[in-house]
Every structure is written in structure tokens, then in C-alpha cells.
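This report refers to the structure that appears directly beneath it.
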Amino acid sequence: MEAKTIEVNMAQMEISEAPARLITRGLGSCLGITMYDPSKKIGVMAHPMLPDIEKAKIKSNPSRFVNSALTKMVEEMEKRGVSRSSIVTKLFGGAHMFGFIASDSILNVGQKNLEVAMITLKALDMKVDVQETGGSFGRTIELNLDDGKVLVKTVSWGEKEV
């Protein structure tokens, strides 16, 4: 059976199982987050744009924010019988896309997204298994649900699998 490809757009989250691929494009300061269970071959991908739902005026889309997207991802995996301890978590993106914004500025959304991701994962008692973040370039990521590997594509640096 051929794997279907499921697009995960900005401020969205999708969950599926093998055979399938989850892909998100154009990660700059946004995060691309994948979680995968190797034994059940179930995975989830989110493309949150902003760090913290608690600081937002409009809270109707939890997939738009790093902290609420992570919580929702874990909940969806657990609904499918996945144990937190078996989840492999990978983070991508969080780039500093605008050179005119100082790297230590509150306007450096990529850095803030990464900070909130780490705090939230710690609160969820989870760890990051792979981190391909930072820099000043965009990324496209594709999660293969057959093996949990993520193909990272960049214009400047080519492709690699992690």
C-alpha cells in the first residue's frame, strides 16, 4: 500500500499512522514538531507559529501556539494508546529570520518558540530526542510514519534525514 502524504499547514496539527507521511513547509521562526511511537507507528506533526496561548487575545486554535500544540499532541497520542515514555519528539525551525531584529529581542519569535517548547516539554515530563533548530533559514520537514525518520530540506544546506 502506498503511503499517503498529509499536509500540515501553519497553525495546524495532524495525526496519522503508517503508511503515511506528514509534511509541513516553510518553517522559519515557526516550529515544526513531530512526535512518533516506533512500536505503534503512529505520529503527529504540528506547525505552531507563536509561543504562548496564555498571552493571546484569541485562543480558539491551540495548534497556533507552541505550548498548547505540544499539550494537544501528547493528548492525541495518548488517546490512541501511546505511552508518553515511548514517544520520540523532534523539534525543527525556530529560526531567526529577520536580521534587523536583535537575537535577544522579545521580537525574536523563533527563539521564544524554542524556549516555550523546552519549558512545556519539561512540564509534560518529556524530552527532545532530536533538535534541528535556529539559524536564519527556512526548512521543510517530512515525517515518515513507517520508520519515524524526518527528512529536513533547506535551500541553503540541502537535505538530511534525522
State the extension gain, in nm to one decimal, for the chain segment bounded by residue 71 and residue 5, taking 0.36 nm per residue of separation less the distance between their alpha-carbons.
21.4 nm
FRET E, pair residue 80, residue 154, Förster distance 22 Å, beta-carbon r, rounded to 0.05:
0.10
Normalised by the residues of the chain, what does the relative contact order come to in percent, with Cα pairs under 8 Å and at least six apart?
27
I'd like the distance separating the alpha-carbon centroids of region 110-131 and region 1-54, in whole Å.
16
Tell me, what is the FRET efficiency for residue 146 and residue 124 to the nearest 0.05, using R0 = 22 angstrom and their Cβ-Cβ distance as r?
0.25
Net charge over other residues, Cβ less than 14 angstrom from the Cβ of residue 8 (K, R count +1; D, E count -1)
+3
Determine the dipole magnitude for region 4-161: charges of +1 sit on the beta-carbon of Lys and Arg, -1 on that of Asp and Glu, nothing else is charged, the reference point is the Cα centre, and the result goes in debye to the nearest 20.
240
Pick out which of 18, 95, 56 has the largest mean-square fluctuation in a Gaussian network model of the chain, springs linking Cα atoms closer than 10 Å.
56
Angle in degrees between helix 66-79 and the longest Cα principal axis of the chain, rounded to the nearest 10
10
Compute the length gained on full extension between residue 39 and residue 60: take 0.36 nm times their separation in residues and subtract their Cα-Cα distance, giving the result in nm to one decimal.
4.3 nm
Ascending count of other beta-carbon atoms within 10 Å, so fewest first, for 125, 147
125, 147
From the square roots a ≥ b ≥ c of the eigenvalues of the alpha-carbon gyration tensor of the chain, which class results: rounded (a/c under 1.5), prolate (a/b over b/c), or oblate?
oblate
Rounded to the nearest 5, what % of DSSP beta bridges with both residues in region 4-161 are antiparallel?
75
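Each reported figure results from applying straightforward, stated rules to the coordinates on display, with no laboratory input. The structure displayed is predicted, hence computed values, not measured ones. Cβ sites come from the backbone with ideal geometry, for glycine too, and all protein chains shown count toward neighbours.
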